[in-house]
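The structure appears right after this line, and notes come after that.
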Amino acid sequence: MDIIYTIWLRSVKRYLRSKSRIIGTLGMPLFFLLFLGFGLNSIVSIPGTGEGYTAFLVPGIVAMSVLFTSVFAGIQIIWDKQFGFLKETLVAPVSRMEIMLGQTLGGATTACIQGVIILVLSLFIGLTLSSAAGFLIALCFMALIGISFTAFGIAIASRMEDMHGFQLVMNFVVFPIFGLSGALFPISSLPSWLAPLTMADPLTYGVEGIRYGLSGTSQIDPLLCGGVLIAFAAATALAGAFLFRKMSA
Amino acid sequence: MTAIYVENLTKMYGSFTAVDRISFEIPEGEIFGLLGPNGAGKTTAISMLATLLKPTSGAAMINGHSIAGGEDGVRRSIGIVFQDQSLDEELTAFENMDFHGRLYRIPNPLRQEKIAELLALVELDGRQHDLVKTFSGGMRRRLEIARGLLHRPKVLFLDEPTLGLDPQTRNHLWEYIERLNREAGITIILTTHYMEEADRLCDRVAIIDHGRIVALDAPGALKEAVGGDVITITSPDPAAVASAVTAAGALRAEQYDGTVRINLQHAERHIMEIVARLSGNGVPADSISIRKPTLEDVFLHFTGRSMRDETADERDRMRMYQRTARR
Ligand SMILES: Nc1ncnc2c1ncn2[C@@H]1O[C@H](COP(=O)(O)OP(=O)(O)OP(=O)(O)O)[C@@H](O)[C@H]1O
Ligand SMILES: [Mg+2]
């Protein structure tokens, strides 16, 4: 437990110290939120709920910033490898599992902080939180997304030699995961050929879970969302742990 | 008791053999040196012993634990200072130390005490709350050494510990390494390409070249093996010097880089004879010196090459630069 805390503490310290990274990863979600939100708010209304597009969009953008931050946090171990720091942890009498868990929880924590920042900023453009309990539910879903995708990033980083593959992963894995999720469009209005893809995208369940927490309604049963996401987090954590065990400094 | 036992340890990269069937045994409490030029395989050997690299073949035991199968026991027994930087630059010096102390489960009042003591030793206590990325190469080096000593391992690996340090800091560290060894009984295995360092610190030295151990003994005994004293003659015509000196058949002379070296016992008794032969044959000589052999001579003796070429200092500076500027 101490070891996991030690690794977690380092991740969080590094994150809090790099102001440019915090602001940098806020940029894109904010851009989406402001331009899509204000741009489409007056011409789009979400069927069924009657709420404006901005209110619909916020959970998706929160999920987006959690997704990007956590994948990035996971892939960061490549940097530790290049800067030589990974050797310091790998030669210590601690298990790979502890290192991996500390790194995952650290990444998830930073991702949740990013998500909460977006949430707070959304309050200024008209978001209203339904209840404190709802906020906690949303936070739980953010944490699950964070854990899943940090572990996912670690799994990928364990197989990468350097940061060159990072763009590839962003363009062909992370952006599609975001685009196919119900973050930008309601699932019910998707064309029938696209709906299965959206339902197969684990992020969809995260977005819907956060949406349930923030607005009290969602298109997928929140219990199902929680179940799917917990299973996905466990699967990626296992994959990450397995691949990280084979990583060499 | 044996602290380190190594048998036919080998590492191959494809068809290239970086470490070639090395074997040695280090008793507890010894300072053991691996001396060799760049690319000899020192770091590769250390990495295998520290469980960071899987050997291609061969076996090794550290403090009774096998490096293949007993990794956890090995890791609990060892400390290591890597040749290349392994600090977190986004953390302060203190935080790097604290991270290490926590990883090795040093409980808190003791952890703070040790960190303060070691940071003072390497004279970084004044900078302990500065980010490592603001440190010079030498300061980083000192911090890494302090960190490697924090958990008082039974076996300490030092991969080129004083590379790039100024002479004063180097002396400080040598003294501390000796004290650690003497007072805490820590077994130390260090790699170096500084002859002086090996000579000063090591109880025994293995000379390693192209992945192989070509000689292994106490520094004194190795120098003994060179054969007594070394007479060095510099001359504009080294070939003539060599033939004049060896004409009588009693002496053996090696030419190297504009100088002629003669190894022999009791050089002071033969010097007059050599001078007489040179002047008798009309061979010009700029200078003649007599000295006790150094490990440099030992290396030359066993490999037929000199270890320290004129670019060595340049290369060290390059490596320090790469170490700190690597992005
Ligand atoms: N990952 C690798 N792949 C291929 N060859 C390697 C690898 N690592 C090391 N080598 C080769 O193995 C040999 C030994 O390298 P090593 O780093 O052990 O030398 P060294 O004795 O530590 O040298 P130095 O004094 O420069 O630190 C070198 O020829 C090097 O090029
Ligand atoms: Mg080396």
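The values are calculated or read from the model by the stated rules, or taken from the named source; none is laboratory data. As the structure is a computational prediction, the values presented were derived from the model and not from experiment. FYI the Cβ positions are ideal-geometry reconstructions off the backbone, even for glycines, and counts take in every protein chain you see. The area values use the complete protein model at the heavy-atom level, side chains included, leaving out ligands, DNA and RNA. Shrake-Rupley method; radii C 1.70, N 1.55, O 1.52, S 1.80 Å.
Summary of values
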| read-out | value |
| --- | --- |
| Checklist (1) more than 10 Å from ligand 1 (Cβ to nearest atom); (2) touching a strand residue (DSSP E or B) at 6+ places or on another chain (Cβ under 9 Å) applied to B:S15, failing item | (2) |
| Only listed residue being open to solvent by 20 Å² or more (accessible area, probe 1.4 Å) and either under 20 Å from A:F32 (Cβ atoms) or without any contact (Cβ under 8 Å) to a residue 60 or more places away in the chain (or both), chosen from A:I156, A:I137, A:I187, A:I145 | A:I187 |
| B:R142 in the same structural domain as B:K42 (by TED's automatic domain parsing), more than 18 Å from the chain's Cα centre (by Cα) and open to solvent by 10 Å² or more (accessible area, probe 1.4 Å) | no |
| Among (1) under 23 Å from A:F244 (Cβ atoms); (2) in contact (Cβ under 8 Å) with a residue 12 or more places away in the chain, the one test that A:L119 misses | (1) |
| A:S11 vs. criteria at the interface with chain B (Cβ under 9 Å from one of its Cβ atoms) and of a type in the set (S, T, N, Q) | no |
| Complete set of residues in region B:38-88 that are within 16 Å of ligand 2 (Cβ to nearest atom), of a type in the set (A, V, I, L, M, F, W, C) and open to solvent by 10 Å² or more (accessible area, probe 1.4 Å) | B:L52, B:L53, B:I80, B:F82 |
| Selection from region B:148-170 of residues that are free of Cβ contacts under 8 Å to residues at least 60 places away in the same chain and part of a helix (DSSP H, G or I) | B:P167, B:Q168, B:T169, B:R170 |
| Residue check for B:I80: within 11 Å of chain A (Cβ to nearest Cβ) and assigned to a loop (DSSP other than H, G, I, E, B) | no |
| All helices (runs of 4 or more DSSP H) inside region B:192-261 with 2 or more residues being crowded, with 16+ Cβ neighbours inside 10 Å and in contact with a Pro (Cβ under 7 Å, 6 or more places away or on another chain) | B:195-201, B:219-227 |
| Scan of region A:141-185 for residues that are touching a Gly at 6+ places or on another chain (Cβ under 8 Å) and within 28 Å of A:N41 (Cα to Cα), ordered by number | A:F141, A:M142, A:I145, A:S181, A:G182, A:A183, A:L184 |
| Which listed residue, of A:I137, A:I78, A:I113, is within 14 Å of chain B (Cβ to nearest Cβ) and in contact with a helix residue (DSSP H, G or I) (Cβ under 8 Å, 6 or more places away or on another chain) | A:I78 |
| Every pair of residues 6+ apart whose Cβ atoms lie under 9 Å, when the first sits in region B:80-107 and is in the same structural domain as B:K154 (by TED's automatic domain parsing) while the second is of a type in the set (F, W, Y) and part of a loop (DSSP other than H, G, I, E, B) | B:Q85/A:F83; B:S86/A:F83; B:L87/A:F83; B:L87/B:F135; B:D88/A:F83; B:E89/A:F83; B:E89/B:F135; B:A93/B:F135 |
| Checking A:L101 against (1) more than 12 Å from every other protein chain (Cβ to nearest Cβ); (2) open to solvent by less than 10 Å² (accessible area, probe 1.4 Å); (3) modelled with pLDDT of 85 or more, the condition it does not meet | (2) |
| Enumeration of residues in region B:145-171 that are surrounded by fewer than 22 Cβ atoms within 10 Å (Cβ to Cβ) and on the phi > 0 side of the Ramachandran plot | B:R152, B:G164 |
